[in-house]
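Trainee: This is the structure, below, for whatever I ask next.
The values are calculated or read from the model by the stated rules, or taken from the named source; none is laboratory data. None of these values were measured; they are calculated from a predicted model. Using ideal geometry, Cβ is built from the backbone for each residue, glycine included, and neighbour counts are taken over all protein chains shown.
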Amino acid sequence: MKNSRRNRRIIGVTAPLLFLFVVSLTGGLYAASAGEILSRVDQVMNAPKDRKVTMKMVLVDKNGNEKVRIAESYQKGDDHRLIKFLEPADQKGVGFLSLPNDVMYVYFPAFKKVRRIASHVKNSNFAGTDFTYDDLSTFKYSEDYNPELLEETDSFYVLKLVPKPGVKKDYSFLKMWVDKGSFHPTKVEFYDKSGNLWKVLKMREIEKIKDYFVAREMEMKDLKKQHSTKMIMEEIELDTGIPDKIFTKRYLRRTR
Amino acid sequence: MKKEILLTLLCALPLWAGVNGFVETYNRYWVNADSGRWTWNENSFQALFEGAPSEKLHYYAELRFRTFGFPGISSLSDLQRKEKDRVFPYSLELKEAYADIYGFLLDDLDLRIGKQIIAWGTADKINPTSNLSPYDLEDFFDFGAKLGVNSLKATYTKDPWSFDLCFVPVFTPSTMPPPEYADVLFGGTGLSGDYQIRNFSDTIMMPENKITEASEAGSRVSTNIYNWDLSLSYFHGYIGFPLPEKAEMIPDSSSGTVDVRTFLSYPEVDVIGADFSGSLFGLGFWGEGALFVPEDYVLTREIVTPQGPVSSVDTILRRDEPYLKFVLGSDYTFGDGTYINAQYIHGFIHENGRDSLNDYLVFRLEKKFLNDELKIAPLSFAACVTDWGEPGDNYGFVWIPEIEYKPQDNIELTLGAFVIDGKGTGMFPRMKEHDELYFKTKLSF
């Protein structure tokens, strides 16, 4: 009897602790789950060792007027990227090189030299598109954002991404729809500092090339400017062994 | 003959694989002159030829054909010339033409051979470390423009290190602005205070076309340390602006005047340079310094009579004292897209010699609208104080407000002004009657 009472007391004392432990464990599992999803997203987005893409960017203003840019993009891993414009004529040869630790360079052929650009330009639009320098730089979402799983449907995980303390972004948070099958994002909403929806990125025609999931089309819409940029990947080459020397100032200033 | 060459080239254009270029018009109006007048009338066609016959070869050529200036008609025969060159003064210029050989002998060694612009330094437009390509000062307000120079450039890269070695076989001088601006930059003869000059003539003596006389060379090593780009450089050659070496004064006793003949040459110089660029707290920072080590430069003034020189006085125009020219700059882009760029400059491009260096602040604020179609730079200026002891009486500035509109890709319309004011003897006060409006159109293809 005494033992039974003692046991009940122990249970009575430990139950709330156990409850707290279970709750915290569940919460922890939830956070880990969101983090895991975002890590998978980063893995999928940066899965190819390298990629060379010829892309067509179609800029559409609020009146439906279109401008077209054609560029070549080289990417290696998740922190080396080189972009070169081929068209239009007044932007031909303009290049952008993004390296780890926010080291970025631009090359304007008219000035004959490579210019270092500082991180203040990261949130500026690149060459009139709706993509910022930051969007075009390579980065891992999980390094810059804390994820939270908002919703899980049959097809998607919906994550809320809040910039980590100390990471400067123009967005207060992002909402990301992640395809459960491929772990490739299909849509990202960008919210401004006031919490209003600002931009929407849609990724379409996601297909498997060499075991990697790749979106052949991305469209970024700026709702404030009523302007959009559609990025169409016309040619995609994956894992071709792009040498490191491509991601240097030496190659940035080369036209071809 | 020029016309035939041009026609041949224009007919051959479609045969070239990669031809881009632009058509540009540029007009300026001097608003202070009596009831105003046009000062600049330029219409140019510039073709850029570029191609890569193989993975390791690349060529580039830039050809400019333009009509520039005003009709120079003084008689009916000028209107009857078949060339029409008095009605439309025109010229043809090969601005650059070079060949690149990538991976020459070594995988990491690139050669560029031919007429090229070699641009060193991290500062914007004013680069005291960049002395291999001469300045093109034809347009005074386009300071920082360079001319292509025949040269060989070898670049060896072992990331993050890069080594440049440049050789210019024959020194090419800088071009000068029109006389009214040249006097502002370089002063007059420097003799007018002592004599009343009747006739003035000058002769420029170029270095002899020998490897020991006319050649220039430079080297540069660059790297990246802790995310900062750094470089060191060395240049041996000439300052691109001539200085008088000898002045002969021939007095005319009947009129009390003198005829002056000056002989100018180019001073030799060694330049040790360094630059950096990087990012701190989100701002861009750069700096560039060049230590110029000149030789003594002596002006000999002679009074010459029919019997020969009767007196000769030597004056040291520039001592062999090293002097430092430098630029420090920073830029930032605000959240709303407003961009600012500021540079502090010690020693402008034409200022050489320890006692002739002035301090300048160059600032530009610009903002883009309409999805980058419209760019407005309301606050863009260069300011200078030539004497900090009495800054109120020794200052000058040029304010350059500008609007650029791109109604669609490949077309650019620019409207701007040069508003100049100041006090004292500096460059800007001497130009303060030169307020001008300008308009440019540029169509790229």
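Trainee: Considering only residues of the stretch B:320-344 that are outside any strand (DSSP E or B) and free of Cβ contacts under 8 Å to residues at least 24 places away in the same chain, which is nearest to the other protein chains (Cβ to nearest Cβ)? Spell out how you get there, then give the answer.
Mentor: Taking the stretch B:320-344 as the starting set, the residues that turn out to be outside any strand (DSSP E or B) are B:320-322, B:334-338.
Going one step further and asking which of them are free of Cβ contacts under 8 Å to residues at least 24 places away in the same chain, we end up with B:334-335.
Numbers: B:Phe334: 8, B:Gly335: 6 Å.
Taking the candidates together, the pick is B:Gly335.
Trainee: Consider B:Pro179 against the criteria (1) closer than 28 Å to B:Thr305 by Cβ; (2) surrounded by fewer than 19 Cβ atoms within 10 Å (Cβ to Cβ); (3) within 21 Å of the chain's Cα centre (by Cα): it satisfies all of them except one. Which criterion is unmet?
Mentor: For B:Pro179, the failing item is (1).
Trainee: I need a count of the residues in the stretch A:107-141 that are part of a loop (DSSP other than H, G, I, E, B) and at pLDDT 85 or above.
Mentor: Narrowing the stretch A:107-141 to residues part of a loop (DSSP other than H, G, I, E, B): A:112, A:118, A:124, A:126-131, A:137-140.
Subsequent filtering for residues that are at pLDDT 85 or above retains A:112, A:118, A:129-131.
So the count comes out to 5.
Trainee: So, restricting to strands (runs of 3 or more DSSP E) that lie completely within the stretch B:79-196, which ones have at least 1 residues that are out of contact with any strand residue (DSSP E or B) (no Cβ under 9 Å at 6 or more places or on another chain)? If you could, list the steps in order and put the result at the bottom.
Mentor: Details: elements: B:90-101, B:109-116, B:149-158, B:161-168.
By residue number, B:149-158.
Trainee: Only residues that are away from chain A (no Cβ under 12 Å), farther than 21 Å from B:Asn224 by Cα and either in contact with a Cys (Cβ under 7 Å, 6 or more places away or on another chain) or not aromatic (Phe, Trp, Tyr) (or both): list them for the stretch B:148-174, please. Spell out the reasoning first.
Mentor: At the first step, the residues of the stretch B:148-174 found to be away from chain A (no Cβ under 12 Å) are B:149-152, B:154, B:165-174.
Within this subset, residues satisfying the condition of being farther than 21 Å from B:Asn224 by Cα are B:149-152, B:166-174.
Across the stretch B:148-174, the qualifying residues are B:Val149, B:Asn150, B:Ser151, B:Leu152, B:Cys166, B:Val168, B:Pro169, B:Val170, B:Thr172, B:Pro173, B:Ser174.
Trainee: State yes or no: is B:Ala342 in contact with a Ser or Thr (Cβ under 7 Å, 6 or more places away or on another chain), farther than 30 Å from B:Gly21 by Cβ and surrounded by fewer than 18 Cβ atoms within 10 Å (Cβ to Cβ)? Working first, answer last.
Mentor: Values: in contact with a Ser or Thr (Cβ under 7 Å, 6 or more places away or on another chain): yes; farther than 30 Å from B:Gly21 by Cβ: yes; surrounded by fewer than 18 Cβ atoms within 10 Å (Cβ to Cβ): yes.
Yes, satisfied.
Trainee: Quick one: is B:Lys56 on the phi > 0 side of the Ramachandran plot and outside the structural domain of B:Gly148 (by TED's automatic domain parsing)? Give the derivation first.
Mentor: Working: on the phi > 0 side of the Ramachandran plot: no; outside the structural domain of B:Gly148 (by TED's automatic domain parsing): yes.
In short, no.
Trainee: Right, next: Among A:Lys112, A:Lys122, which is out of contact with any helix residue (DSSP H, G or I) (no Cβ under 7 Å at 6 or more places or on another chain) and either within 14 Å of another protein chain (Cβ to nearest Cβ) or more than 30 Å from A:Ala89 (Cα to Cα) (or both)?
Mentor: On the way: A:Lys122 fails: out of contact with any helix residue (DSSP H, G or I) (no Cβ under 7 Å at 6 or more places or on another chain).
Matching residue, one of A:Lys112, A:Lys122: A:Lys112.
Trainee: Here's a follow-up. Among the residues that make up the stretch A:134-142, is at least one of them buried (at least 18 other Cβ atoms within 10 Å of the Cβ), out of contact with any strand residue (DSSP E or B) (no Cβ under 8 Å at 6 or more places or on another chain) and within 14 Å of chain B (Cβ to nearest Cβ)?
Mentor: Scanning the stretch A:134-142, I find at least one residue that is buried (at least 18 other Cβ atoms within 10 Å of the Cβ), out of contact with any strand residue (DSSP E or B) (no Cβ under 8 Å at 6 or more places or on another chain) and within 14 Å of chain B (Cβ to nearest Cβ), so the answer is yes.
Trainee: Which one of these does A:Leu159 not meet: (1) of a type in the set (A, V, I, L, M, F, W, C); (2) within 30 Å of B:Lys125 (Cβ to Cβ); (3) touching a Pro at 6+ places or on another chain (Cβ under 7 Å)?
Mentor: Result: A:Leu159 fails condition (2) only.
Trainee: For the condition over 25 Å from the mean Cα position of the chain (by Cα), modelled with pLDDT of 90 or more and away from every other protein chain (no Cβ under 14 Å), what is the one hit in B:Leu76, B:Leu63, B:Leu92, B:Leu57?
Mentor: Details: B:Leu63 fails: over 25 Å from the mean Cα position of the chain (by Cα); B:Leu92 fails: over 25 Å from the mean Cα position of the chain (by Cα); B:Leu57 fails: away from every other protein chain (no Cβ under 14 Å).
Exactly one of B:Leu76, B:Leu63, B:Leu92, B:Leu57 is over 25 Å from the mean Cα position of the chain (by Cα), modelled with pLDDT of 90 or more and away from every other protein chain (no Cβ under 14 Å), namely B:Leu76.
Trainee: Then there is this: Have a look at B:Asp100, B:Asp124 and point out the one that is within 27 Å of B:Gly240 (Cα to Cα), within 12 Å of another protein chain (Cβ to nearest Cβ), touching a His at 6+ places or on another chain (Cβ under 8 Å) and not aromatic (Phe, Trp, Tyr).
Mentor: Being within 27 Å of B:Gly240 (Cα to Cα), within 12 Å of another protein chain (Cβ to nearest Cβ), touching a His at 6+ places or on another chain (Cβ under 8 Å) and not aromatic (Phe, Trp, Tyr) holds for just one of B:Asp100, B:Asp124, which is B:Asp100.
Trainee: Is it the case that B:Pro207 is part of a loop (DSSP other than H, G, I, E, B), surrounded by fewer than 20 Cβ atoms within 10 Å (Cβ to Cβ) and touching a residue at least 24 places away in the same chain (Cβ under 8 Å)?
Mentor: Working: part of a loop (DSSP other than H, G, I, E, B): yes; surrounded by fewer than 20 Cβ atoms within 10 Å (Cβ to Cβ): yes; touching a residue at least 24 places away in the same chain (Cβ under 8 Å): yes.
Yes.
Trainee: Let me ask something additional. Hey, could you check the stretch A:39-78 for residues that are in contact with a strand residue (DSSP E or B) (Cβ under 8 Å, 6 or more places away or on another chain) and among the acidic types (Asp, Glu) and say which is nearest to the other protein chains (Cβ to nearest Cβ)?
Mentor: A:Asp61
Trainee: When you check B:Asn41 against the structure, is it in contact (Cβ under 8 Å) with a residue 60 or more places away in the chain and either closer than 29 Å to B:Phe104 by Cβ or in a strand (DSSP E or B) (or both), yes or no?
Mentor: Working: in contact (Cβ under 8 Å) with a residue 60 or more places away in the chain: no; either closer than 29 Å to B:Phe104 by Cβ or in a strand (DSSP E or B) (or both): yes.
In short, no.
Trainee: Being among the aliphatic types (A, V, I, L, M), out of contact with any helix residue (DSSP H, G or I) (no Cβ under 8 Å at 6 or more places or on another chain) and touching a residue at least 12 places away in the same chain (Cβ under 8 Å) is the filter here, so list the residues in the stretch B:44-66 that pass it.
Mentor: B:Leu48, B:Leu57, B:Ala61, listed by residue number.
Trainee: Of the residues that make up the stretch B:402-415, is at least one closer than 25 Å to B:Gly289 by Cβ and modelled with pLDDT of 90 or more?
Mentor: Taking the stretch B:402-415 and keeping what is closer than 25 Å to B:Gly289 by Cβ, we get none.
Checked against the condition, which is being closer than 25 Å to B:Gly289 by Cβ and modelled with pLDDT of 90 or more, the stretch B:402-415 yields no hits at all.
Trainee: Scan B:Asp336, B:Asp314, B:Asp331 and give me the residue that is within 20 Å of B:Leu379 (Cα to Cα), over 30 Å from the mean Cα position of the chain (by Cα) and not aliphatic (A, V, I, L, M). Walk me through it before giving the result.
Mentor: Working: B:Asp314 fails: within 20 Å of B:Leu379 (Cα to Cα); B:Asp331 fails: over 30 Å from the mean Cα position of the chain (by Cα).
Within the list B:Asp336, B:Asp314, B:Asp331, the selection yields B:Asp336.
Trainee: Taking into account only those residues within the stretch B:352-373 that are more than 14 Å from every other protein chain (Cβ to nearest Cβ), over 17 Å from B:Asn394 (Cα atoms) and part of a loop (DSSP other than H, G, I, E, B), which is farthest from the chain's Cα centre (by Cα)?
Mentor: My answer is B:Gly353.
Trainee: Identify, please: which residue in the stretch B:28-41 is surrounded by fewer than 16 Cβ atoms within 10 Å (Cβ to Cβ) and not hydrophobic (A, V, I, L, M, F, W, C) and is, among those, nearest to B:Ile411 (Cα to Cα)?
Mentor: Out of the qualifying residues, it is B:Arg37.
Trainee: Name the single residue, out of those in the stretch B:171-216 being among the β-branched types (Val, Ile, Thr) and under 22 Å from B:Ile349 (Cβ atoms), that is modelled with the lowest pLDDT.
Mentor: So the first thing to find is which residues in the stretch B:171-216 are among the β-branched types (Val, Ile, Thr), and the list is B:172, B:175, B:184, B:189, B:197, B:203-204, B:211-212.
Narrowing further to those that are under 22 Å from B:Ile349 (Cβ atoms): B:172, B:175, B:184, B:189, B:204.
Details: B:Thr172: 95, B:Thr175: 94, B:Val184: 75, B:Thr189: 51, B:Ile204: 93.
Going through the qualifying residues, I end up with B:Thr189.
Trainee: Sticking with this one: Determine whether B:Thr223 is part of a strand (DSSP E or B), surrounded by fewer than 16 Cβ atoms within 10 Å (Cβ to Cβ) and within 14 Å of chain A (Cβ to nearest Cβ). Quick ask: steps written out before the conclusion?
Mentor: Details: part of a strand (DSSP E or B): yes; surrounded by fewer than 16 Cβ atoms within 10 Å (Cβ to Cβ): yes; within 14 Å of chain A (Cβ to nearest Cβ): yes.
Yes: the conditions hold for B:Thr223.
Trainee: Restricting to the stretch B:294-322, and then to whatever is surrounded by 15 or more Cβ atoms within 10 Å (Cβ to Cβ) and at pLDDT 80 or above, can you tell me which residue is farthest from B:Val269 (Cα to Cα)?
Mentor: Only one residue tops the list, namely B:Val304.
Trainee: How many residues are of a type in the set (Lys, Arg) and surrounded by fewer than 19 Cβ atoms within 10 Å (Cβ to Cβ) if we restrict to the stretch A:57-91?
Mentor: As a first pass, look at the stretch A:57-91 and keep what is of a type in the set (Lys, Arg): A:62, A:67, A:69, A:76, A:81, A:84.
Adding the requirement that they be surrounded by fewer than 19 Cβ atoms within 10 Å (Cβ to Cβ) leaves A:62.
Selection size over the stretch A:57-91: 1.
Trainee: Select from the stretch A:213-256 the residues that are in contact with a Phe, Trp or Tyr (Cβ under 7 Å, 6 or more places away or on another chain) and β-branched (Val, Ile, Thr) and list them in ascending order.
Mentor: A:Thr229, A:Ile242, A:Ile246
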